[in-house]
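Contents: one structure, followed by commentary.
The values are calculated or read from the model by the stated rules, or taken from the named source; none is laboratory data. All of these numbers come straight from a predicted model, not from anything done at the bench. Don't worry about glycine lacking a Cβ; one is built from the backbone with ideal geometry, like all the others, and counts go over all protein chains shown.
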């Protein structure tokens, strides 16, 4: 059996309604999650609003954490990032591409969770470095800033379909490089 | 992981938030039954999360945590509906009136099963001190209204409304500002809550006489998927 991480233990306690655990989780994760919201939304007031929304979701959904197959920090980041992307897109009046949190609902038995070892991190970054620089930037823009295909096409001044082709090829190359 | 390259790309696009709404929903459905698709999603979610060092940490202002703690406190102060029948309030005219309005719009009071919210609407009035949370449990067709802050108006009653997309507002009844309300909903619009907003208006005592908001709108907020 894998040992429970500190954050994982907090999530288990939060699922039982432990407000002290929630307070501790907030203290040790809010700076990162606020950073995610700020980067995606580029506006402090909106980022603060979405940060609160994300923690309310965490409070209500903590009981479902253990069945979703993601490592605890990935789960928390996914909630904040998806909330921020949804807000960004609703503000832009583009109701498509919603990131409603599938992974919060899943009840399937997941495969073993993978921790973020420095090895896998280097692996992703090394693999991004094998891509042409603007293609790596497009992948990073989609993940770190929540950019849509339309946003990316505009930023890189290419037609939408070209951007889609670029990015899909980049993802295949990344997967080939990182392996399964 | 024996997924096809195409499937892997779709999983990566889903993780990044690049799929159209219909394609994202189709992928979510697939993950419910296909462990390979789910494993592909986890693979990408975990690998991309390794980029998280590139998000600069930033300490949020103090008041965010205080507001969250107040929210949690209000949650723990909630009176379960099953205990309400032991209280005087249950038989008070105000409660009866609220129930009557609720019935009038095709909703009835019920003892909730395990309430698990899929949607939340956090209504904050800019013109009054009113703060109300509305949760919806789509699977069990339950609506839960939690007044967090505010006092009753001397000028009338607060009425809660929901609008799907650009549709006309539909009444969810007069708010009971002193109690958490849980009501069952057997209505088709529950399916449209991903594109909905709710509002509170000030109406004459007993609620809007026309079935549409007639008084000032005090708060409006989008419904958010949890």
Going through (1) at pLDDT 95 or above; (2) crowded, with 20+ Cβ neighbours inside 10 Å one by one, residue A:141 fails only at (2)
Of residues in the range A:50-82 being crowded, with 22+ Cβ neighbours inside 10 Å and assigned to a loop (DSSP other than H, G, I, E, B), the one farthest from the other protein chains (Cβ to nearest Cβ) | A:68
Would you mention how many residues in the range B:6-31 are in a helix (DSSP H, G or I) and in contact with a helix residue (DSSP H, G or I) (Cβ under 8 Å, 6 or more places away or on another chain)?
-> 16
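May I ask you to verify whether residue A:43 is more than 7 Å from chain B (Cβ to nearest Cβ) and in contact with a strand residue (DSSP E or B) (Cβ under 8 Å, 6 or more places away or on another chain)?
Details: more than 7 Å from chain B (Cβ to nearest Cβ): yes; in contact with a strand residue (DSSP E or B) (Cβ under 8 Å, 6 or more places away or on another chain): no.
Answer is no for this residue.
Would you mention how many residues in the range B:41-64 are buried (at least 17 other Cβ atoms within 10 Å of the Cβ) and part of a helix (DSSP H, G or I)?
Residues of the range B:41-64 that are buried (at least 17 other Cβ atoms within 10 Å of the Cβ), as a first pass: B:41-52, B:55, B:58, B:60, B:64.
Filter again for part of a helix (DSSP H, G or I), leaving B:41-52, B:64.
Qualifying residue count, the range B:41-64: 13.
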Residues in the range B:1-16 that are more than 8 Å from every other protein chain (Cβ to nearest Cβ) and surrounded by fewer than 17 Cβ atoms within 10 Å (Cβ to Cβ): how many?
-> 3
Take the range A:5-40 and flag every residue that is within 11 Å of chain B (Cβ to nearest Cβ) and not in a helix (DSSP H, G or I).
-> A:17, A:18
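So which strands (runs of 3 or more DSSP E) stay within the range B:85-154 end to end and still have 2 or more residues that are modelled with pLDDT of 80 or more and farther than 17 Å from residue B:173 by Cα?
Result: B:119-124, B:142-149.
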Output the number of the condition that residue B:19 fails; it satisfies all remaining conditions of (1) more than 8 Å from chain A (Cβ to nearest Cβ); (2) without any contact (Cβ under 8 Å) to a residue 12 or more places away in the chain; (3) crowded, with 17+ Cβ neighbours inside 10 Å.
-> (1)
Any idea which of (1) surrounded by 14 or more Cβ atoms within 10 Å (Cβ to Cβ); (2) under 29 Å from residue A:140 (Cβ atoms) is the one residue A:17 doesn't satisfy?
-> (2)
In the range B:128-141, is there at least one residue being in contact with a helix residue (DSSP H, G or I) (Cβ under 6 Å, 6 or more places away or on another chain), over 20 Å from residue A:17 (Cα atoms) and surrounded by fewer than 18 Cβ atoms within 10 Å (Cβ to Cβ)?
-> yes
Breaking point among (1) modelled with pLDDT under 80; (2) assigned to a loop (DSSP other than H, G, I, E, B), for residue A:122 | (2)
Residues that are closer than 24 Å to residue A:164 by Cα and within 7 Å of chain A (Cβ to nearest Cβ), drawn from the range B:25-40 = B:28, B:31, B:38, B:39
From the list A:135, A:164, A:169, pick out the single residue that is in a helix (DSSP H, G or I), under 26 Å from residue A:88 (Cβ atoms) and more than 11 Å from chain B (Cβ to nearest Cβ).
-> A:135
